[in-house]
Structures are given as C-alpha cells and as structure tokens.
Amino acid sequence: MSEPQIGRALASGLHQAITELMPTRVEFYESWITPKRIREGQLGRARVTAVISFLREEAAYEAVMLKAGRYTTDWTLDTLSGTRRAILNLLPRPLRVRGVLRVANWVVRGFHDEVRLKHRVHRGVAVVTVEGSLFCQVREPTERPMCRFYCAVIERCLEVFGLEGEAESSKCCAIGQPACELTVDMTGRETLNAP
C-alpha cells in the first residue's frame, strides 16, 4: 500500500513561507521538501509531517503557518472556475458565508484526502471542526494550539470573496483535546473583493 500523498499547493506554500521567513533554515527543510520533489509530486505524508514537526519548535511557527496557509489558498483558488466565483459573489451574505466555508473545505481536501472541515454558522459566527488535521497530530501534548494553518485558509477564503472574518483555535488535538475546532467571527462588514 502506498503512502498518502500531499497536495503540491500545500508543499509549495510551506516551502515558500520557510524560504521567505526563515532563509537560513531552507537547506535544513529541503532535506524533506525540495522544489524538484514538489514538481514531481513525490511528497508523501511522512516528509511533510517531518517538516511540520520541526517547524513546531521554531519561533516563527505561527508566521510560517499564516503565510503558508495564505499562499496555499491563493494557489488552490486559482483553479476555481470563474463561474463558481461569480455565483459565490452574487449570493446574499448568509449564503455566501456558507458557500465560502464549503470552498475552504474543498481547498483543504486538495492538501490531503483525510482532512475535512465541517461547519455550523449562527449569527455571524462559525464553528469549524477540523477532522484529520495534518498539523495537530503530536506524540505529546503541546502548550499551544497548532491549527493556525487552517485559520489562515479560512480567513483568506473569506477575504477573497469579500467577507471579513477572524479565525481562532478554540480546541486543538495538539493540546490534548478530543478534536480541533476553530471559531470564526464574521460579524464585521463586507469588504471589497480582494484580488
């Protein structure tokens, strides 16, 4: 049985974020993820998990996850059809919020088949459950949540479709809780559509 593969957009986003924010550590991380392996689609779960595991120990972890999440989302959304984009932008705000959260689930499914986002929305606040998080699987509980990547994906998806939202981890498997859960506050106003 072959090892589960990781989507190129995720690996590329991680590599780009590491290159920009931690240039002196690029050589170390290229022991697992190199541009050649990314291009050839030769990145299994073990390689990416190793990178994530070492990144957790870095002071720049949060910044790398934020930037990697945004890059990965942008590159994945580039493949979204123009028709689907137009329809989402025409929906009234409550329906657009739900539609964009479904798009965020589609984005993360492209990274790794086992991850899913499920959401509930009530009065401008969404509770998003992350199932199969690649970032939160740890041997020993950590002191802080490790879901920042998924927060960045959701925030960027909302932004692209003209919605404001701030995502925070409310529960995380990495700190010993049974599931990862994000709270997304979207009570702000609509924004102009970002490019």
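The values are calculated or read from the model by the stated rules, or taken from the named source; none is laboratory data. Model, not experiment: these values are computed from the prediction. Here the Cβ is made from the backbone with ideal geometry for all residues, glycine too, and neighbour counts use every protein chain on show. Note: areas computed on protein heavy atoms with side chains; ligands, DNA, RNA excluded. Shrake-Rupley method; radii C 1.70, N 1.55, O 1.52, S 1.80 Å.
Considering the conditions (1) open to solvent by 30 Å² or more (accessible area, probe 1.4 Å); (2) more than 11 Å from the chain's Cα centre (by Cα); (3) basic (Lys, Arg), Arg96 is excluded by exactly one of them, (1). Cβ separations smaller than 9 Å between residues 6+ apart or across chains give the following pairs from the range 34-57 residues that are farther than 16 Å from Gln137 by Cα and hydrophobic (A, V, I, L, M, F, W, C) to residues that are surrounded by 14 or more Cβ atoms within 10 Å (Cβ to Cβ) and at pLDDT 90 or above: Ile38/Ala11; Ile38/Ser12; Ile38/His15; Leu43/Leu10; Leu43/Ala11; Leu43/Trp32; Leu43/Ile33. Val121 fulfils the conditions (1) over 14 Å from the mean Cα position of the chain (by Cα); (2) surrounded by 18 or more Cβ atoms within 10 Å (Cβ to Cβ) except for a single criterion, (2).
Anything in the range 142-172 that is among the β-branched types (Val, Ile, Thr) and either touching a Pro at 6+ places or on another chain (Cβ under 7 Å) or surrounded by fewer than 17 Cβ atoms within 10 Å (Cβ to Cβ) (or both)? List them, or say none. Listed by number, the list holds a single entry, Thr142.
Within the bounds of the range 127-141, is there any residue that is farther than 26 Å from Arg8 by Cβ, open to solvent by less than 10 Å² (accessible area, probe 1.4 Å) and in a strand (DSSP E or B)? No, the conditions are met nowhere in the range 127-141.
Scanning the range 132-172 for residues that are under 12 Å from the mean Cα position of the chain (by Cα) and among the basic types (Lys, Arg) returns Arg148, Arg156.
Scanning the range 102-118 for residues that are closer than 17 Å to Ile52 by Cα and open to solvent by 50 Å² or more (accessible area, probe 1.4 Å) gives a single hit, Glu114.
Among the residues of the range 137-183, those that are within 25 Å of Ile18 (Cβ to Cβ) and among the small types (Gly, Ala, Ser) comprise Ala152, Ala167, Ser169, Ala174.
Would you please name the residue that is most open to solvent (accessible area, probe 1.4 Å), looking only at residues in the range 73-93 that are charged (D, E, K, R) and within 15 Å of Glu159 (Cα to Cα)? Checking each candidate, the answer is Asp78.
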